[in-house]
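Engineer: Next up is a structure, given as structure tokens.
The values are calculated or read from the model by the stated rules, or taken from the named source; none is laboratory data. Being a predicted model, the structure only gives us computed values, none of them experimental. Heads up, the Cβs are rebuilt from the backbone with ideal geometry, glycines too, and the neighbour counts pull from every protein chain shown. The accessibility values were calculated without ligands, DNA or RNA, using every heavy atom of the protein model including side chains. Shrake-Rupley method; radii C 1.70, N 1.55, O 1.52, S 1.80 Å.
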Amino acid sequence: MITIHQFSPSLGMIDLSPFVVKLATWCRMAGVEFRFAPGDPRKAPKGKIPYIIDEDGSVLGDSSLIIRHLSKKHGDLDAGLSPRDRALGRAIQSMVEEHMYFTTLYLRWQDERGWTVMAPALKQLLSGPAGPPAFLAGPISGLVRGKVKKSLQGQGTGRHTVAEVEALGIEIVESLNELIGAGPWVLGDAPRTIDATAWAFLYSLHDAPFDNAVRTRLKALPDLVAYVERGRARYWPST
Ligand SMILES: N[C@@H](CCC(=O)N[C@@H](CS)C(=O)NCC(=O)O)C(=O)O
């Protein structure tokens, strides 16, 4: 059994980090047993969550590198894919993880509407037994928000207006709708590694209670909503 160090299962979510949901979903798809444990970026090999402790005690970071490692040990969900489908999966992964992710981050942390939901969730997370004294939860939340906004500035999305970010997010969601269609999975009849990413990010947008135009658009696309529900029924039936 591996241990996945996670961010936080707040707001009724499997985890607030779509990368944690991606990794855990991939494990369920591949039949790799795992348990969740709290994560601490300071202890993570790459300073980011998720990271895992493998059965032999080795610690690994980055969801994609972890999946690559686990695929070698437990079986490759992408065996038998054509080179073109592999390339398509890779392109969709980049669109979702390197572009959609930052629109999600912006709409949760930078957009004031998102922050009214994120701030109390973060405060609650910080008030756990290992957290700082209660009076520091507010200032620390502010510091964490500042760090996220700085990273959004560096990446570029943080320089846009809310309306611009929503338009970018809608473009990606509509592209996913075109690419996935009736599916049932991104590349056809069987779930592949790309489904761990696509499902995790669409589930995160669909279920997390951050109201914005991107979420509204997703909820109006029946094929994508069916895709979220298909993945939930198969891998997370109690969620
Ligand atoms: N490429 C990484 C991305 C992980 C990532 O961005 N994790 C975020 C949480 S969603 C994080 O740990 N952020 C903390 C930080 O950047 O300090 C992966 O696939 O695991």
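Engineer: State which residue pairs qualify: first residue closer than 21 Å to Ile14 by Cβ and in contact (Cβ under 8 Å) with a residue 40 or more places away in the chain and inside the range 41-66, second residue within 7 Å of the ligand (Cβ to nearest atom) and open to solvent by 40 Å² or more (accessible area, probe 1.4 Å) in any location, beta carbons under 7 Å apart, and separation of 6 or more residues or different chains.
Structural biologist: From residues that are closer than 21 Å to Ile14 by Cβ and in contact (Cβ under 8 Å) with a residue 40 or more places away in the chain, the pairs are Ile49/Phe7; Ile49/Pro41.
Engineer: Looking at Tyr227, Tyr235, can you tell me which residue is out of contact with any Ser or Thr (no Cβ under 8 Å at 6 or more places or on another chain), buried (at least 19 other Cβ atoms within 10 Å of the Cβ) and of a type outside the set (Gly, Ala, Ser)?
Structural biologist: The conditions single out Tyr227.
Engineer: Since Arg113 meets every condition but one in (1) surrounded by 14 or more Cβ atoms within 10 Å (Cβ to Cβ); (2) more than 16 Å from the ligand (Cβ to nearest atom); (3) part of a helix (DSSP H, G or I), which condition does it not meet?
Structural biologist: Result: Arg113 fails condition (1) only.
Engineer: Additional query: So, in the range 41-58, exactly how many residues are within 13 Å of the ligand (Cβ to nearest atom) and either in contact with a strand residue (DSSP E or B) (Cβ under 6 Å, 6 or more places away or on another chain) or open to solvent by less than 30 Å² (accessible area, probe 1.4 Å) (or both)? Before you say what the answer is, go through the steps one by one.
Structural biologist: Taking the range 41-58 and keeping what is within 13 Å of the ligand (Cβ to nearest atom), we get 41-52.
Keeping just the survivors that are either in contact with a strand residue (DSSP E or B) (Cβ under 6 Å, 6 or more places away or on another chain) or open to solvent by less than 30 Å² (accessible area, probe 1.4 Å) (or both) gives 44-46, 50-52.
Residues flagged as within 13 Å of the ligand (Cβ to nearest atom) and either in contact with a strand residue (DSSP E or B) (Cβ under 6 Å, 6 or more places away or on another chain) or open to solvent by less than 30 Å² (accessible area, probe 1.4 Å) (or both) within the range 41-58 amount to 6.
Engineer: Restricting the search to the range 149-174, which residues are within 16 Å of the ligand (Cβ to nearest atom) and among the polar types (S, T, N, Q)?
Structural biologist: Ser151, Gln153, Gln155, Thr157
Engineer: Name the residues in the range 1-40 that are of a type in the set (Ser, Thr, Tyr), within 14 Å of the ligand (Cβ to nearest atom) and over 19 Å from Trp109 (Cβ atoms), would you? Walk me through how you get there before you give the answer.
Structural biologist: In the first step, residues of the range 1-40 are kept if they are of a type in the set (Ser, Thr, Tyr); the result is 3, 8, 10, 17, 25.
Checking which are within 14 Å of the ligand (Cβ to nearest atom) leaves us with 8, 10, 17, 25.
Residue satisfying the conditions is Thr25 alone.
Engineer: Still on this model: Restrict the check to the range 76-97 and report whether at least one residue is surrounded by 20 or more Cβ atoms within 10 Å (Cβ to Cβ), within 13 Å of the ligand (Cβ to nearest atom) and farther than 23 Å from Gln155 by Cα.
Structural biologist: Looking through the range 76-97, none of the residues is surrounded by 20 or more Cβ atoms within 10 Å (Cβ to Cβ), within 13 Å of the ligand (Cβ to nearest atom) and farther than 23 Å from Gln155 by Cα.
Residue-by-condition table, conditions (1) assigned to a loop (DSSP other than H, G, I, E, B); (2) open to solvent by 30 Å² or more (accessible area, probe 1.4 Å); (3) within 20 Å of Ile14 (Cβ to Cβ); (4) not assigned by TED's automatic domain parsing to the domain that holds Lys48:
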| residue | (1), (2), (3), (4) |
| --- | --- |
| Leu105 | no, no, yes, yes |
| Phe135 | no, yes, no, yes |
| Gly142 | no, yes, no, yes |
| Gly169 | no, no, no, yes |
| Leu202 | no, no, yes, yes |
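Engineer: Considering only the range 132-142, I want to know if a residue exists there that is within 16 Å of the ligand (Cβ to nearest atom) and farther than 20 Å from Phe210 by Cα.
Structural biologist: Going residue by residue through the range 132-142, those that are within 16 Å of the ligand (Cβ to nearest atom) are 140-142.
Keeping just the survivors that are farther than 20 Å from Phe210 by Cα gives 140.
Scanning the range 132-142, I find at least one residue that is within 16 Å of the ligand (Cβ to nearest atom) and farther than 20 Å from Phe210 by Cα, so the answer is yes.
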